[in-house]
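The values are calculated or read from the model by the stated rules, or taken from the named source; none is laboratory data. Computed from a predicted structure; not experimentally measured. Positions of Cβ are generated from backbone atoms using ideal geometry, with glycine treated the same way; all protein chains shown enter the neighbour counts. Just so you know, the surface numbers come from the protein's heavy atoms only, side chains and all, with ligands and any DNA or RNA stripped out. Shrake-Rupley method; radii C 1.70, N 1.55, O 1.52, S 1.80 Å.
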Number of protein chains: 2
Amino acid sequence: MVPFMQEPPPTGSAFLLAQLGAHATRRFTERIAELDLTPPQTGLLRVIARRPGESQQVLAAELGTPPTRLVALVDGLEQRGLIERRRNPQDRRLYAVHLSDKGRETMRALAKVGAAHEEELTSALSTEERMVLHGLLGRIAETHGLSQGVHPGYRDLDRP
Amino acid sequence: MVPFMQEPPPTGSAFLLAQLGAHATRRFTERIAELDLTPPQTGLLRVIARRPGESQQVLAAELGTPPTRLVALVDGLEQRGLIERRRNPQDRRLYAVHLSDKGRETMRALAKVGAAHEEELTSALSTEERMVLHGLLGRIAETHGLSQGVHPGYRDLDRP
DNA sequence: TATTGTTATACTCTATAACTATA
DNA sequence: TATAGTTATAGAGTATAACAATA
């Protein structure tokens, strides 16, 4: 969503966070494009890896997105052989969504991409400074209820 | 653009920055909605305030956006009386874009919104910690060429 | 009747290309 | 011919509502 600019105080921390967050997202998007993945696909893979076998409804709730949006997303990853839809014989309305072997391989590649991304982004800082930064960011995230490892995106946003 | 999730390492600083950046943007968007402004409008106002009298071409270059996009943006702000297009008698192709008195008033309101936003976002930290955070973020932003006070958004992004 | 997944549709935001008016 | 601004058009991404199958 989000366009090219934000806030009035030229360089408060809030503005820097918005700036750096957009930059981090852009760079990460470029990196995963080489794996032929988009950020939404990557996020879905992560949730499936963490909670294998869940229904699409549960995955949608976990991601905070409308269930309809998951259909195309799951379709795409399934067609590429990264995930599998398994029918539940007890309740034939549900699918159980799992990673495939190829999907697990992709997760390992994503871990490498993430490490390189982290290194690039924090390259200006010493090891000690990185720990300080991580601690401060973690506390801010915690007080704003962002600690679950799921990117909030812009859901729940009343856009004008 | 950006969807609901990003990266593999559950809580590296890169992921935290993306998370917090999206959160900061969302909260700021909510706040300026009460002034009936969107983030792109706010960013344009800031650039005009900093460089009054520039042409739309220059403003577009400054924001890193196609000039066509500025037309509707300038239209909207002009219709609400926040900015003025002034013809240049020497070269009647150009406009010189200026803030109006009402626009300057809006800038003051935006400054207040920004201060409240900054306070809310960093409320978990002490005064000292806020200074440390600001210093670290500033250094990271600098090494990635983000220091101009203009939000990069997702321009130049090769999206899949 | 309620729920899972799906399809159809519409809306927002943005970019690209074609046009006008001035130079 | 080149440039500033504009309009028209198309595309990506997302959400809402209606629908089919199953419970």
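In Å², rounded to the nearest 100, what is the total accessible surface buried by chains B and A against each other with a 1.4 Å probe?
Details: alone 11100 and 11150 Å², together 14630 Å².
For B against A, buried area totals roughly 7600 Å².
If you stretched the chain out fully between residue A:98 and residue A:126, how much longer would it get, using 0.36 nm times the residue separation minus the C-alpha to C-alpha distance?
6.1 nm is the gain from fully extending residue A:98 to residue A:126.
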Discussion item. I'd like the mean, over residues of A:56-66, of how many other protein chain beta carbons sit within 10 Å of each residue's own Cβ.
Written reply: 1
Worksheet item: If the label for residue B:129 sits 7 angstrom from Cα along the Cα-to-Cβ line, what are its distances to the same label in every other copy, in nm to one decimal, shortest first?
Response: 2.0
Fill in: Semi-axes of the equivalent ellipsoid for the stretch A:16-143, Cα gyration tensor, largest first, Å
32, 17, 13
Practice prompt. Report the normalised scattering of the protein assembly as shown as log10 I(q)/I(0) at q = 0.12 Å⁻¹, calculated by the Debye formula with identical scatterers on the alpha carbons.
Written response: -0.85
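Averaged over peptide A:131-139, how many Cβ atoms belonging to another chain are found within 10 Å of each residue's Cβ?
Details: counts 1, 4, 10, 4, 3, 11, 11, 5, 5.
The shielding value for this peptide is 6.
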Worksheet item: Taking K and R as +1 and D and E as -1, what net charge do the other residues with C-beta under 11 Å from the C-beta of residue B:140 add up to?
Response: -1
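How large is the translational diffusion coefficient of the stretch B:23-76 in µm² per second when you combine the Kirkwood radius over alpha carbon pairs with Stokes-Einstein at 25 °C and 0.890 mPa s?
On the way: Rh = 11.8 Å.
Rounded, D is 209 µm²/s.
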Worksheet entry | Pseudo-label separations to other copies for residue A:92 - Cα-to-Cβ vector, 7 Å, nm | 7.6
Worksheet item: Hey, rough spin-label estimate for residue A:36 and residue B:61, points 7 angstrom out along Cα→Cβ, what's it come to in nanometres?
Response: 4.0 nm
Worksheet item: Among the lysines, which fall within straight-line cross-link reach of residue B:112, defined as a Cα-Cα distance under 18 Å, with same-chain neighbours fewer than 8 residues apart omitted?
Response: B:102
Worksheet item: Between residue A:64 and the same site in the other copies, what are the distances in nm, shortest first, taking label points 7 Å from Cα along the C-beta direction?
Response: 2.5
Worksheet item: Taking each residue of B:40-53 in turn, how many C-beta atoms of other protein chains fall within 10 Å of its C-beta, and what is the average?
Response: 2
Practice prompt. Tell me which residues come under 5 Å, amide H to amide H, from residue B:83 once H is placed; ignore anything under 5 positions away on its chain.
Written response: B:78, B:100
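Quick one: pull the percent of accessible area on the protein assembly as shown belonging to carbon and sulfur, 1.4 Å probe, ligands and nucleic acids left out. Walk me through the intermediate numbers first.
Numbers: 7440 of 14630 Å².
Percent of accessible area from carbon and sulfur atoms in the protein assembly as shown: 51.
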